[in-house]
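These notes concern the structure reproduced below.
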Amino acid sequence: MVFDQLLSGGDTRWGIHGVGMTRPDLVNQLAAQDGLYAVRVADGQGVKWQVPGALWRTSVATTGRDAVVQAIAAPSTRWVTITVTEKGYTPALAQLLLDGLRLRQQAGLSGITIASCDNLQGNGHKLQALVKAAAASQDSEVLSWIDAHCAFPCSMVDRIVPAATPEVLAAAQESLGVKDHCALSTEGFWEWVIENRFADPADVALLQSAGVRVTPDVHSYEEAKLRMLNGSHTAMALMGAVTGRPFIASCIGAPHIREFVFRLMGQEVSPHLSRSDWADYRTALIARFGNPYLKHSVHQIATDSSQKIPQRWPPSVMGQIAQGAAFEHHALAAAVFVRYTLGVDEQGQAYALNDPQAESLMAMGAAQRTTPEACVLALLAREDLWGSALPRHADWIARVTHWHQQVLQHGVDQAAQQLLLTQA
Ligand code: CS2
């Protein structure tokens, strides 16, 4: 949407070559629609449709790798933005970028800005380290060229964009009079905060003119978003999955879940944020979660929980521990995660765990039917989820075990209500 706005001002340098990393279906569909798709922007302020026209070309990295490498190396390319999810930061991604960058270096072209947009703290540093590690093991010339000419800004992107539902596709057809297989629904709110670190410093003013916030320090925005928005999202998604509530709006519509999330943010997340306007941020988030137009599936957000939890929960729990403060809300959330690994909700409906760790999580989680305490211990011992300190923290383990017992005996809703009574 930002690049579309820059294009509409007549600056044709911002056309996008969109790359799907694995699955060709969406890319093929978009190509068949000439890169055009409808976006419904809807919330309490109103409903409007937009058709961004910034997507000019498309490729799929798995089947059209060479086209992607050539696109990175094209003289007209100035930026690469990366949104590949938490689990996408692999050596294969680094190699793809490196192959394109090497061609640029060999052709004597300018460097480019490579911006990660994923929900990871220090995402630019992480991407830079990955690419540089690949370069260092292969080619010292390209490594020094990358250092001298390319920029890897950290950035925080915030806009809730659920996977499209049949209802959205039908609404698009109704409003626009054409069949659109790629229509999306989103909220009015959007925020893109990016570190002031660009291959071309002239981009600062351009991005600002389109509403992007350019700042020397993205860290405080990243941590607030990851722990407040995404941390609450993961907690609600797991609660919804286990209780059978399909959408985030259905979770926030339940008064005890709404209050739970409100206190999680206020009591356990906010004390450790460097962003001081957290109370306004919380109010805005609760309203955004309740947006009735966003049918944001809890199972979509619960996808890859093993990759998301590390950024979203442990930093707040560690902050509370350092201050000798309670972490009951996160302990209940962790207990619900353990319950979630059973793969069946409280009504007996089975669901799939869509997670690179699904097999090991379900194998560990199955034991909670017979030996619940040992199962909690085993899942809390995983440093890939909780970091190195929490697995050794006796009080944390005791509180998660307590809430897990409550969840198994009385269900998630009653456990949450119990927590609210004791923490009033
Ligand atoms: C969500 C995010 O799916 C998820 O894990 O928490 O995609 C969230 O909707 C975005 O970060 C909002 O900016």
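The values are calculated or read from the model by the stated rules, or taken from the named source; none is laboratory data. The structure displayed is predicted, hence computed values, not measured ones. Neighbour counts are summed over all protein chains in view; Cβ atoms, including those assigned to glycine, are modelled from backbone coordinates with ideal geometry.
Here are a few things to note about the model shown:
- Yes/no for LEU103 being more than 21 Å from the chain's Cα centre (by Cα) and either among the hydrophobic types (A, V, I, L, M, F, W, C) or more than 27 Å from ASP217 (Cα to Cα) (or both): yes
- From the list GLU187, GLU141, GLU174, the one residue that fits, being free of Cβ contacts under 8 Å to residues at least 60 places away in the same chain, under 30 Å from LYS48 (Cβ atoms) and outside the structural domain of PRO315 (by TED's automatic domain parsing), is GLU174.
- Here VAL84, VAL69, VAL80, VAL41 are screened, and the one residue that is under 24 Å from the mean Cα position of the chain (by Cα) and not in a strand (DSSP E or B) is VAL84.
- Meets criteria (basic (Lys, Arg) and either farther than 27 Å from LEU26 by Cα or within 16 Å of the ligand (Cβ to nearest atom) (or both)) for LYS179: no
- Scanning the range 297-324 for residues that are more than 13 Å from the chain's Cα centre (by Cα), surrounded by 20 or more Cβ atoms within 10 Å (Cβ to Cβ) and within 13 Å of the ligand (Cβ to nearest atom) gives VAL298, TRP313.
- Considering each residue of the range 224-236 in turn, none proves to be in contact (Cβ under 8 Å) with a residue 12 or more places away in the chain, of a type outside the set (S, T, N, Q) and away from the ligand (no atom under 14 Å from the Cβ).
- Residues being under 19 Å from the mean Cα position of the chain (by Cα) and not in a helix (DSSP H, G or I) - total across the range 247-270: 1
- Tallying residues that are more than 25 Å from the chain's Cα centre (by Cα) and in contact (Cβ under 8 Å) with a residue 40 or more places away in the chain within the range 374-394 yields 2.
- Restricting ALA205, ALA199, ALA148 to residues that are among the aliphatic types (A, V, I, L, M), more than 30 Å from GLN50 (Cα to Cα) and over 26 Å from the mean Cα position of the chain (by Cα) narrows the list to ALA148.
- The lone exception for PRO153 - which of (1) touching a residue at least 40 places away in the same chain (Cβ under 8 Å); (2) within 16 Å of the ligand (Cβ to nearest atom) it fails: (2)
- Residue within the range 277-287 that is surrounded by 19 or more Cβ atoms within 10 Å (Cβ to Cβ) and either within 12 Å of the ligand (Cβ to nearest atom) or assigned by TED's automatic domain parsing to the domain that holds ALA42 (or both) present: yes
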